[in-house]
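Since the structure comes first, as structure tokens, the remarks are kept for the end.
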Amino acid sequence: MLKKIAPILILSTFFASGCAALIYQIVWQRYLFTGLGVDIDSVTLIVSTFMFGIGIGGAIGGWLADRWANKRLVAYAIAEFTLALFGFLSPWIFSWIQSASTSGWSYWSVSVVSVVIIAIPTIVMGITLPLLTMYFDETLNNVGVSVGKLYFFNTLGAAFGAWLTAWVLFMKLGLNESAWTAASINIFCFFCIVFAYFISKK
């Protein structure tokens, strides 16, 4: 009975993870506006870095999914914990970037540092989809259905995260608290994944 709960729990965490990812994107974008300015260049830089990181992460995730065939959920749990850690630290990380921009660093220097820093968590985000695709493919025996379900839940979570950030978090909380909310979601996902891993082994 408990084994049947594990896939549902994992899909739920992918919804929550998508929600956290959009919160991060919007919050980090606001942080970087201080150092890079509010213009098309800064927005393009941030969004393209997210896409770049997720793409690189997808390639790494595929490699890990093949080599950690029996530990895909473990890798997924590590990814969520890593995102939580970065999320909790992000207010101080981006505060440092903001101070660098006001202490004589050139626009391009700040841009390069921002890209490198944002690439780290976004690569971790990208790792998760291939891991879960292969995990669900083992039970569904259909990679198309696996990817479709995962994209549906993750995209739905991302849409909810965008709404939550604009209409709740930014209205009630500040940037730091919003980042910590996303990190708390990642921590919640981590514990759910660990629980799902152990019940799937019984």
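The values are calculated or read from the model by the stated rules, or taken from the named source; none is laboratory data. As the structure is a prediction and not an experimental result, all values here were calculated from the model. For neighbour counting, all protein chains shown are included, and Cβ atoms are generated from backbone atoms with ideal geometry for every residue, glycine included. Heads up: the accessible areas ignore ligands, DNA and RNA and are worked out on the full protein's heavy atoms, side chains in. Shrake-Rupley method; radii C 1.70, N 1.55, O 1.52, S 1.80 Å.
Using the Karplus relation 6.51 cos²θ - 1.76 cosθ + 1.60 with θ = phi - 60°, the per-residue 3J(HN,Hα) values for the stretch 129-138 come to 4, x, 4, 6, 4, 6, 4, 6, 4, 5 Hz, with x marking Gly and Pro. Pairs of Lys residues in the chain that lie 8 or more places apart, or on two chains, and have C-alpha atoms under 23 angstrom apart add up to 12. Mean sequence separation of contacting Cα pairs (under 8 Å, at least six apart), scaled by the length of the chain, corresponds to a relative contact order of 47 percent. Computed from Cα atoms, the angle from the helix 72-101 axis to the main principal axis of the chain rounds to 0 degrees.
Per residue, the accessible area of the chain comes to 50 Å² when a 1.4 Å probe rolls over the protein heavy atoms.
Which trypsin sites (Lys or Arg not before Pro) from the stretch 37-80 combine a DSSP loop assignment with at most 12 other Cβ atoms within 10 Å? Walk me through the numbers before you get to the answer.
Values: sites: Arg67, Lys71, Arg72; in loops: Lys71.
Passing sites in the stretch 37-80 do not exist.
What part of the accessible area of the stretch 103-182, given as a whole %, is carbon or sulfur when the probe is 1.4 angstrom? That share works out to 72 percent.
With the convex hull drawn over the C-alpha atoms of the chain, the volume per residue is 110 Å³. Phi angles across the stretch 49-55 convert, under the Karplus curve 6.51 cos²θ - 1.76 cosθ + 1.60 with θ = phi - 60°, into 3J(HN,Hα) values of 5, 4, 5, 4, x, 5, x Hz, Gly and Pro given as x.
Provide the packing ranking of 166-172, 14-20, 185-191, i.e. peptides ordered by the mean count of other C-beta atoms within 10 Å per residue, highest first.
Answer by packing, highest mean first, reads 14-20, 185-191, 166-172.
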